[in-house]
Every structure is written in C-alpha cells, then in structure tokens.
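The values are calculated or read from the model by the stated rules, or taken from the named source; none is laboratory data. The shown structure was predicted, so the numbers you read here are calculated from the model rather than taken from an experiment. Counting neighbours? That spans all protein chains shown, and the Cβs are built from the backbone with ideal geometry, glycine included. All accessible areas refer to the heavy atoms of the entire protein, side chains included, with ligands and DNA or RNA removed. Shrake-Rupley method; radii C 1.70, N 1.55, O 1.52, S 1.80 Å.
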Amino acid sequence: MKNEAQLMKLAVEYVEAFRAALVTGHDDYKRLVRSRNNGFSTGARGTVEFTEQLVEAGRKLSDLATLSFGPARIHAKSVEEAARSVLFDSDGELPPKTVARDVIANIAAAATKTHRVIRPNQLFRLVDGVDEVNIGPVRIVRRDLLSAEIGTTNRGVRITPQKSQSEAITVTHSNDLADTEIHLPEVCWDVTIQGMPQKIEQEALWLVDVAVSFARLQYKEYSGLFPRLKDIEPHPVRPYQWMQEGFVVSADAGLRFGGGTAPTWYEVGPALVARFSEAKTRYLAEVVFSPPSRSVAERMQQVLGWMSRARQEAEPAERLLLFFTAIEALLSSSAKDVPITETIARGASVIWSADQATRSSFYKAVKKLYDIRSKVIHNGFRSVAEVEASNVHYIIWNLSYLVIHKVDLKQSHAEFIEELKEASFGRKWNPSGVALEPEGGGVAKTAAADQ
C-alpha cells in the first residue's frame, strides 16, 4: 500500500487522540451537550468529543488517505467515520498500533469497494437490435436487459418504464411485504466504480463524460441527431427540458411563451458495437480509463471529460474556457517556468500538420484564440462569439483524434511534450508508438461544416 508507514503513524495518532477524547463521566457529558464546540459522536464504547486534537488527527489521516488511494475514491468525512467505527467497537486495552491496523484496513476496504451506479441515459439511443455497448467501465444498456439481471439477485425489486420524468421510485405494500419499482427510461448508464459511497456519484458522472467523448471519437458516420460542434449537448443523466418555462414580453411582438428544440442524441447500431468490440478500441478504452501515472493516457482522460463538460454548456465564454481546459490538459507541461501559451500553440501546430506554412498560420490562430481565453479568465470578458467557441472545439476535437490514433498512450506525458518541442523547430513529428494515419487525410471527419 502506498504511504503505508506514514498511514500507520497517523492512524496511531488518531487512535490516541480518540481515546483521550472519550467522555468518561455524566457531568462531562452534560457539559458537552450544552457547549458549543466541534461536536461529538456516540457509539458502542460511549461518547467521544471532537476535540481540536482529534479533529486535527482526523484531517491529517484523511489527507494522507486521499494521497494514498486517490481523490476519486476518498471522501474526507467518510475516512473519519471509518476510523471511528473501528474504535467504537475495539477493546480499549489493545495497543494503539493493533487498533490502527484495523483502522487502515477499514479505510482501505471502503476506498476499494466496487459499486455499480445505474442512472438514466438521456443521450444515447440503441437501434437495430443492439442491447448494450461497453466503453471501459461504462456500459450503455437497455432497461429490460438490466431489469432481468437485477431481478435475479434482488427479489422484490423491479425496473420499469417511467410514466413521467419526475417519477423515480414506487413502493407498494402487500401482506407486510414491500415491492419496489425503480422507474428508468429505455436506455441506462451502468458504471462500475470503486470508492467510498459519498464519492461514487460524482466520479461515476465523470466516467460517463469521458465515455461520451471517447464514443464520439469512434463515429465514422453521423446518424440520428448527432450533436454538431455548435450544439449544446444534453446532460447525459438529467432529463432534457423540452419546453421553456416562463414567457417573454416584447415591445413590438407582445407576449411569447413556450417554444423549445428537440435534443440531440448519439445513435448506436451494430456497426458501432462492432467497432467497440475491436481489440484496438478495447485497448484504447482500457488505457484511457485505467491510465499509467503521468502518461499521455492520464491526460487524455482529462481531455475527454472536459470536452463533454464543455459541450453541455450554453454560454459561449464558458464553452471556450472548458475546451481550452481540455487543450491545456493535453499540451501543458508539468515543468515550472514554461510559457504555457507558446507551448500550447507550438505543440498544437506540430500535431495539426507537417507543412511548415500550415503550422505557422495555425500557431497564430491558436494564440489569437488563447488571447480571448485569457481575457475571459483575467478580465471577466464575456463577449465570446459562438463561432470562436466552436473553433476551439474543432481544434481540440481533431487534436484528440490525432493523438489517440498516432501516439502510444502509455508514453510519459513529459516525453510526449518533449517530442513536440523538438518537432516545433522544423523537424518532422515522429510520435512514439505506431503512427496510424487517421481516415480523411490527417484530420478527423467532424461536423465542422455545420458549425
């Protein structure tokens, strides 16, 4: 286990602080109830006061647990709850180090527990007999198939169609027994994830966002109502608002109300399922969702997630910021004192083209767009045109396509940046890994013409 010795040291400190904070007398308990302090907790061994020493010991233990298991799995308050549950059940005469081992084991068990998070899928439609498709730990699945699976291990629980978007769960009672109906739309998300219960919702949604952009990169044809570069993509889980609430009063047109647009969606048919079943695609998904530390894949996961978050935003300035967040995730260096604008513009131009004239013009275009981003961040500038946000989307979309097809994603990100730096001085870019030319002459086929 990472940081095991330091975790043991902090766990021992927590055990000792906990024991020192136990309330031993009735008068102390009454004082504690009446006072305005950090609070208290009660368990099998009595009541413990949240003294400054115990709070500080819990904070340090939580911080190191986050570093050891990762922020995606750790919930700070839950670390302290896991530690307290052990201490409330432990023998007070046991050596602190013995109890500390149990504390660490309980935290580790909670941090590595596997969950399946099932949520409505508002963004994908399965057609032509497709029942499911897997994108790493994220599964897009029909409700009926999911219902059959869940029903085999959970008696009294059924998954049924929604009658309205506000209807989530129905519980009926018969002969002292309760039957539960969980109402979901025709297509659902099924995300397998590890972590403490208080973290899994947030992290599952992030994995869904990563999966949406990863899936988008696999499309060769845009069937259904495929979201274009300028489109506001519906949230993958929350219901789409078909009708505008409220109304507008105009001086020359009177009162206007209602109105709305149909939501865009991604269509999954047999051809796309076959693509996801290919060894190369499965490998890419595995590396992106379980990336080596400090690798290109680790950055690519961030790129894909932030692209999805950007497409969900309506405000052009916010879209531009999030798309540039994705670009920075791909091309910014971890080294200090590196000019970020220059690094990003040079790196992007190298990936974009081998032609020096094209590189030069593209470099200038990226710097100009980055200037807009800087105005938004540093001056609160909001007047961003829709086409400017769409252009940044187009850039990161194609950069992602090229990198995912031409670079060994397990490569160190620092080495990747160094290769781009060397090529920016006029050399040909020779990325590590197998250089597979993308279909369409080097740039991904996108819906750019419709932006």
From DSSP H assignment alone, runs of 4+ in the chain each adding -39500 (n - 2.57), the sum over residues rounded to the nearest 500 puts [θ] at 222 nm at -16000 deg cm²/dmol
Taking 0.36 nm per residue of separation between Val33 and Trp242 and subtracting their Cα-Cα distance, the length gained on full extension comes to 70.1 nm
Distance in nm between Phe226 and Ala253 label points, each 7 Å along Cα→Cβ, equals 3.2 nm
Classified through the alpha carbon gyration tensor (a ≥ b ≥ c as square roots of its eigenvalues; rounded if a/c is under 1.5, else prolate when a/b is larger than b/c, else oblate), the chain comes out prolate
For the Arg275, Lys113 Cβ pair and Förster radius 35 Å, calculated FRET efficiency rounded to 0.05 is 0.60
1/(1 + (r/R0)^6) with r = Cβ-Cβ of Ser353 and Thr180, R0 = 56 Å, i.e. FRET efficiency to nearest 0.05, evaluates to 0.45
Checking the range 249-317 for trypsin sites (Lys or Arg not before Pro) in a loop per DSSP with at most 14 other beta-carbon atoms within 10 Å yields Arg294
For the range 1-49, the Cα gyration tensor yields equivalent-ellipsoid semi-axes (√(5λ), largest first, whole Å) of 28, 11, 8
In Å², rounded to a whole number, the accessible area per residue of the range 241-316 with probe 1.4 Å is 56 Å²
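Please report, in debye to the nearest 20, how large the charge dipole of the range 55-209 is about its Cα centre when each Lys and Arg carries +1 at its beta carbon and each Asp and Glu carries -1 there.
Using only the charged Cβ atoms, the result is roughly 300 debye.
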Mean Cβ-within-10 Å packing, highest first, puts peptides 259-269, 85-95 in the order 259-269, 85-95
Dividing the mean separation of Cα pairs under 8 Å (6+ apart) by the residue count of the chain yields a relative contact order in percent of 13 percent
Nearest-0.05 FRET efficiency for Glu132 and His26 at R0 = 51 Å, using Cβ-Cβ distance, is 0.25
With a ≥ b ≥ c from the Cα gyration tensor eigenvalues, square-rooted, and the rule rounded for a/c under 1.5, otherwise prolate when a/b > b/c and oblate otherwise, the range 222-345 is oblate
With all protein chains present, the chain has a carbon and sulfur share of its accessible area (1.4 Å probe) in percent of 51 percent
With the 1.4 Å probe rolled over protein heavy atoms, the range 368-411 has an accessible area per residue in Å² of 44 Å²
So Tyr283 and Glu56, fully extended at 0.36 nm per residue minus their Cα-Cα distance, gain in nm 77.4 nm
The simple spin-label model distance between Arg294 and Gln6, using points 7 Å out along Cα→Cβ, in nm, is 1.6 nm
Counting only DSSP loop positions in the range 24-88, the trypsin sites (Lys or Arg not before Pro) whose Cβ has at most 10 other Cβ atoms within 10 Å are Arg36
Counting only DSSP beta bridges with both partners in the range 74-203, the antiparallel fraction in percent, to the nearest 5, comes to 80 percent
